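A.B. asks: The structure under discussion is supplied below as C-alpha cells; questions concerning it will follow.
The values are calculated or read from the model by the stated rules, or taken from the named source; none is laboratory data. Just so we're clear, the structure is a prediction, and the values are computed from it rather than from any experiment. When we count neighbours, we look across all protein chains shown, and the Cβ atoms used for this are built from the backbone with ideal geometry, even at glycine. For accessibility, only protein heavy atoms count, side chains too; no ligands or nucleic acids. Shrake-Rupley method; radii C 1.70, N 1.55, O 1.52, S 1.80 Å.
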Amino acid sequence: MQASRRRRTAMSNTLYYQPVQKAEAYYLPQFQTLDNHLSGNQSIYHSPSTTSFSSNGSSICHQESQTYLSDVRQSPETNYGSPITGSCITDDMNDFMHKLKELETVMLGPDSDFLECYDNSLSSSIASQEIDSWRQMMEAFPRRDLKQVLIACAKAVSDGELLTAQVLISELRQMVSVSGEPIQRLGAYVLEGLVARLAKSGSSICKSLRCKEPASFELLSYMHVLYEICPYFKFGYMSANGAIAEAMKDENRVHIVDFQIAQGSQWVPMIQAFAARPGGPPHIRITGIDDSTSAYARGGGLNIVGQRLSKLANTFKVPFEFHAAAMSGSDVQLENLRIRSGEALAVNFAFTLHHMPDESVSTENHRDRLLRMVKNLNPKVVTLVEQESNTNTAAFFPRFLETLDYYTAMFESIDMTLPRGHKERINVEQHCLARDVVNIIACEGIERVERHELLGKWKLRFRMAGFSPYPLSSLMNATIKTLLESYSDKYRLEERDGALYLGWMNRDLVASCAWK
C-alpha cells in the first residue's frame, strides 16, 4: 500500500506541519467501528478495502467472502475484543495426515467425490514397485527442503508428470502444517491449490468451497488482526489519502470516487482532516462502488456505509453526500458516477484494479477502459495501490514461483508480530490470505480473479490512458517511515521512479503512486 504526496500550504498549517505522530492520526485509520467513534471513542475503525486479497474481487484482504478453510465455532475465549473462533484444524498437530485430510474436507465439502476418487487413484497408482523410485526422488532433496519439494511438485503438475506429482503430493502431506514455520503454513494452502489443479477442479474450485462463512464480526476481527500486525494496508491508505488531501487542499467542492469502498473507513481520517482545514471544510461527496457480495461484511448494503460516513461528517460539521453504486468495478459506466460540474474529482484505485479483467481474460479490456474513462473526466488526482506481484498473464509454473516467493515473505512478516501459538493466526491466514493463494494456483480463465501486475505494467497502462505522475510528498514518506519503525526493521520503504514501495527484506510487496 503506497505512494503519497503531501502538502505544505493551507491545510498544511494545521495538518502537515504537525509532529509525525499527529500527522499519522489523519492518514492512519484505526480499527474501531464508526459507531464506536460516534459514541465518543476517538479510535476510528478501518478495515482494508481491498485487503487484498480476495478471490471474489474483494482485495490483500477484502471484506467480502474471504472465508476460507475453517469450520467456524464460537469459543468463550476472547482476543482483540472479539470472540475467538475454533479452527477446522485440531490442536493436536502431530497427526499431519489426519489434519490435512480434515482441511480438505472442510475446504471442498464432505461430498467432494472428485477428491476422494483422486486420492483413491493415488493410492492404487503408487504400487509397491514404485516405493524405491519414490525414496530415490525424495533423497534428491537436501534435508527434505519443503520449498524445493513444493516447486518440484508444481513443475511435475505443469509438465503433466502425474505419477511424480502424486508421489510428491503424498510426501508434502507429511511436511506441511498450518501451525508450523511460515513455509509450512503457506505450504498447506499451496498444496491444496496443487491438488485442486491436478484434480482438474481449478475452474470450479471457488464454487466447490463449502466452508461456512464466518459471521460479519468474526471476519472483521480477523481483518483487524491482520491490519494491526502488518503495515501493508496502513501504508496503502495513508499514501492514497495523503495524495488526495494534497490535491484538494484549496478546493471547495470535492468528489471522491472509490472503486472499492468496502466499509468506507479509509475516508474517516480524510473527513477529519478536511474538518480541520483553515477557512473551513469543503463540501465532500463520495461515490462508493462495491459489489453486493460484500454486503455481509458490512452487516448490510452500501447504504450502511453512507449512513455511517454521513453521521461522522455531521459530527465534524463537514458538508457531505454519499452515492452508493452497488456493482462490480468492471461494470461501472460513466453514468454510474454522477459527475457534476464545479466539483474537483479524485479517483481511488486501492487494491482493486487487479480484479478487473483485461485483454487476456475478456474480449473487453476493463482495466484500460476504466482508466480511459476516468482520464476523460479530468480528475485532479487518481491514486493507485497494488500488490507488487506478477500473476496476471504468467504461465502456471512461473506464476507458481512468483506466488510462492511473494506469500513466503508475507507469512514470514506475520511471524514477526504474531506469536506462532496465537489462536487467531490460523484464522487470519485462512480467511484473509489462503483463498487468494489457492485461486492463483488452481484457477484459470475467468475463475482466476487474482491477477496482479508489477507497477511497471500499471504505469504503462496509466500513461497509455493519458495520465502523468503526481509528485510524492517527502512529509508523508517520513510519516510512513515512522510507522514502520513500530513493526520490524526488516520492513523497508523505498522511493523509486515516482512511486513508493513497501517491502519485506529484499522483496517488494506493495507499491503506491498517484496520477493526474
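A.B. asks: Residues of the stretch 402-473: accessible area per residue at 1.4 Å, in Å²?
C.D. replies: Ligands and nucleic acids excluded, the figure is 30 Å² per residue.
A.B. asks: Could you tell me whether the stretch 346-423 comes out rounded, prolate or oblate from its Cα gyration tensor? Rule is a ≥ b ≥ c as square roots of the eigenvalues, rounded for a/c under 1.5, then prolate if a/b exceeds b/c, otherwise oblate.
C.D. replies: It comes out oblate by the Cα gyration axes.
A.B. asks: Moving to a separate point now. If you count only protein heavy atoms and use a 1.4 Å probe, how large is the accessible surface of residue 372, to the nearest 10 Å²?
C.D. replies: 120
A.B. asks: Calculated FRET efficiency, residue 311 and residue 163, Cβ-Cβ r, R0 60 Å, to nearest 0.05? Spell out each step's value before the answer.
C.D. replies: Values: r = 62 Å, r/R0 = 1.03.
E between residue 311 and residue 163, to the nearest 0.05, is 0.45.
A.B. asks: What does the C-alpha gyration tensor say about the overall shape of the stretch 413-516? Classify as rounded when a/c is under 1.5, otherwise prolate if a/b is larger than b/c, or oblate.
C.D. replies: It comes out oblate by the Cα gyration axes.
A.B. asks: Follow-up. Kindly identify the stretch 271-429 as rounded, prolate or oblate by the Cα gyration tensor criterion: order the square roots of the eigenvalues as a ≥ b ≥ c, call it rounded if a/c is under 1.5, otherwise compare a/b with b/c, prolate if a/b is larger, else oblate. Walk me through the intermediate numbers first.
C.D. replies: On the way: a/c = 2.09, a/b = 1.33, b/c = 1.57.
Taking the square roots of the gyration eigenvalues as a ≥ b ≥ c, the stretch 271-429 is oblate.
A.B. asks: Something else about it: Students often get this wrong, so check it: of 249/516; 147/457; 423/481; 155/200; 234/490; 155/459, which have C-alpha atoms separated by over 21 Å?
C.D. replies: Listed pairs above 21 Å: 147/457; 423/481; 155/459.
A.B. asks: I would also like to ask the following. So, with +1 on the Cβ of K and R and -1 on the Cβ of D and E, and no other charges, what is the size of the charge dipole of the stretch 384-424 about its Cα centre, to the nearest 20 debye?
C.D. replies: Roughly 180 debye for the stretch 384-424.
A.B. asks: Please get the size of the charge dipole for the stretch 369-516, origin at its Cα centre, with Cβ charges of +1 on Lys and Arg and -1 on Asp and Glu, quoted in debye to the nearest 20.
C.D. replies: Numbers: 21 positive and 19 negative charges, 149 e Å.
The calculated dipole for the stretch 369-516 is roughly 720 debye.
A.B. asks: Against the 2.2 N^0.38 Å scaling, with N counting residues, where does the stretch 385-441 land? I'd like the Cα-based Rg ratio to two decimal places.
C.D. replies: For the stretch 385-441, the normalised Cα radius of gyration comes out at 1.23.
A.B. asks: Okay, next question. Relative contact order, percent, of the stretch 245-397 when contacts are C-alpha pairs under 8 Å separated by at least 6 residues?
C.D. replies: Here the relative contact order equals 26 percent.
A.B. asks: Just want the answer: with Cβ charges of +1 for Lys and Arg and -1 for Asp and Glu, which residue in 382, 344, 398 is farthest toward the dipole's positive end in the stretch 296-403?
C.D. replies: The listed residue farthest towards the positive side: 344.
A.B. asks: Okay, moving on. If you average the C-alpha positions of the stretch 470-516 and of the stretch 424-461 separately, how far apart do those two centres end up, in angstrom?
C.D. replies: 21
A.B. asks: Any idea of residue 377's accessible area? Nearest 10 Å², probe 1.4 Å.
C.D. replies: Only protein atoms counted, so the area is about 40 Å².
A.B. asks: Go through the stretch 359-397 and name the GluC sites (Glu not before Pro) that are in a DSSP coil and have 13 or fewer other Cβ atoms within 10 Å of their Cβ.
C.D. replies: Listed in order of number, the matching sites are 359, 364.
A.B. asks: I'd like the FRET efficiency for residue 420 and residue 341, computed as 1/(1 + (r/R0)^6) with the beta carbon distance as r and R0 of 41 Å, rounded to 0.05.
C.D. replies: Once the sixth-power term is evaluated, E becomes 0.15.
A.B. asks: Given a 1.4 angstrom probe, I'd like the percentage of the accessible area of the stretch 391-458 that is carbon and sulfur, rounded to a whole number.
C.D. replies: Working: 1150 of 1810 Å².
Ligands and nucleic acids excluded, carbon and sulfur reach 63 percent.
A.B. asks: Can you find, among 280, 356, 307, the residue sitting farthest towards the positive end of the charge dipole of the stretch 275-358, where Lys and Arg contribute +1 and Asp and Glu -1 at Cβ?
C.D. replies: 280
A.B. asks: So what does residue 155 come to for accessible area, using a 1.4 Å probe and Å² rounded to 10?
C.D. replies: 80
A.B. asks: How would you order 174-182, 221-229 from highest to lowest mean count of nearby Cβ atoms within 10 Å? Walk me through the intermediate numbers first.
C.D. replies: On the way: 174-182: 18.4, 221-229: 24.1.
Averaged packing, sorted descending, gives the order 221-229, 174-182.
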